[in-house]
C-alpha cells in the first residue's frame, strides 16, 4: 500500500527533545515500512525516517529561533501533499483538522488521527461542517466531546520495543515526573505525593513560554526541598535511564489527557505508573498490574509503596503486548484496509 504520513512541522520526526505527536508519527512510519508498505513522510527536513522523506520546511518550527509563521508553513506543506495526492492510496494526517478545507475532493482517501484534547469551543461546529473525514482517536475517552463525529477506530499509541531497555531493578530509588510543566500536568501534586510517601522526586520537564509564570510562581518555590530535584528537559537518550531507574512514574494529571505517552515509556522500562483517574488513564494503566489508578493524595502515597513491589517483567510483557510500535502499525494497517478503498472516484479526480 502506498501511504503518505503528514506530520506537524512543529517538531522534527522524531523530536530531539519533547514532542509527542511527531514521535508517534516517526514510530508508526518506520513500523509501516517494516511491514512492507511504500511510505512517504511529509515533515521538516531535520526529520529521520526509514520512509521516503519530503522535506516541507528546512527546520522544525519550535527550535527555529527566527520569526516564522506556523500557519504559512503548514499550508505550504498541505498544498504539496494535495498536488501529489494521486501518488498514494492513503493520506494519513496528523495535523488536527487543518487540512479539512483543502482535501474535500478526496476525503474518503484520508485518515485523520486526532492527537489533542477535543473539549474545545468551535470544534463541534467544524466537525459537523466536514463530516466525511474518517477519524481515529488515540483513546475512547478522547472522543467524548465529539461522539457524533465520523470515528473509524481507536488506536492506542505504541513505541519501538528496542527504544527503552528493560530495567529489572529501580537502581535510583526515586520517583519520576516526566513531561511538561503546566497546571494540567500537576507537578505540584507530584511533589506532594513524593513528600507524603517520603521518597525523592526527580522532575524532568520542559517549561514552555506560556507556562513560565506558573513555573516561577507555583512550582519553583516547591523545589526548595531536599526530596525534590528539577532536572529540566531531556531527550530519548536520557529518558531510558531516567525512567528505568525510578521506583515509579507519577502521572498526577488534572485534565482529560487523550493518551499520555510517558506512561507506556515507563512501562517499556518495567517501571510502574501511579496515575490520577483522568482522561485515558483507565485505558492505559492495567490497575494492579502495570500501576495503580488513584483519586486522592493518601491513595497515591500508598500506591507508591505498593507498586515498588510489582513484577517489573510482567509490566514489560504487558507493554510489549499492548503498546509496541508494531502493534500500533498493525491496527492502523487494518483501518487502512477496512475503511479506505483502493479504487474509487478520488484518484480519478486527482489523476
State which residue pairs qualify: first residue without any contact (Cβ under 8 Å) to a residue 12 or more places away in the chain and assigned by TED's automatic domain parsing to the domain that holds residue 253 and inside segment 294-310, second residue surrounded by 15 or more Cβ atoms within 10 Å (Cβ to Cβ) and outside any helix (DSSP H, G or I) in any location, beta carbons under 8 Å apart, and separation of 6 or more residues or different chains. 299/292
Go through segment 216-259 residue by residue and tally those that are assigned to a loop (DSSP other than H, G, I, E, B), in contact (Cβ under 8 Å) with a residue 24 or more places away in the chain and out of contact with any strand residue (DSSP E or B) (no Cβ under 8 Å at 6 or more places or on another chain). 6
Which of the numbered conditions does residue 107 fail, given that it passes all the others? Conditions: (1) under 22 Å from residue 278 (Cβ atoms); (2) assigned to a helix (DSSP H, G or I). (1)
From the list 136, 95, pick out the single residue that is part of a loop (DSSP other than H, G, I, E, B), surrounded by 19 or more Cβ atoms within 10 Å (Cβ to Cβ) and in contact (Cβ under 8 Å) with a residue 24 or more places away in the chain. 95
Out of all the residues in segment 135-142, is one or more in contact with a strand residue (DSSP E or B) (Cβ under 7 Å, 6 or more places away or on another chain) and at positive phi? no
Can you name every residue in segment 71-83 that is more than 22 Å from residue 125 (Cβ to Cβ) and touching a residue at least 12 places away in the same chain (Cβ under 8 Å)? 73, 76, 77, 79, 80, 81, 82
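The values are calculated or read from the model by the stated rules, or taken from the named source; none is laboratory data. On a predicted model such as this, the values are computed, not experimentally measured, just so you know. So basically every Cβ, Gly included, is an ideal-geometry build from the backbone, and we count neighbours across all protein chains shown.
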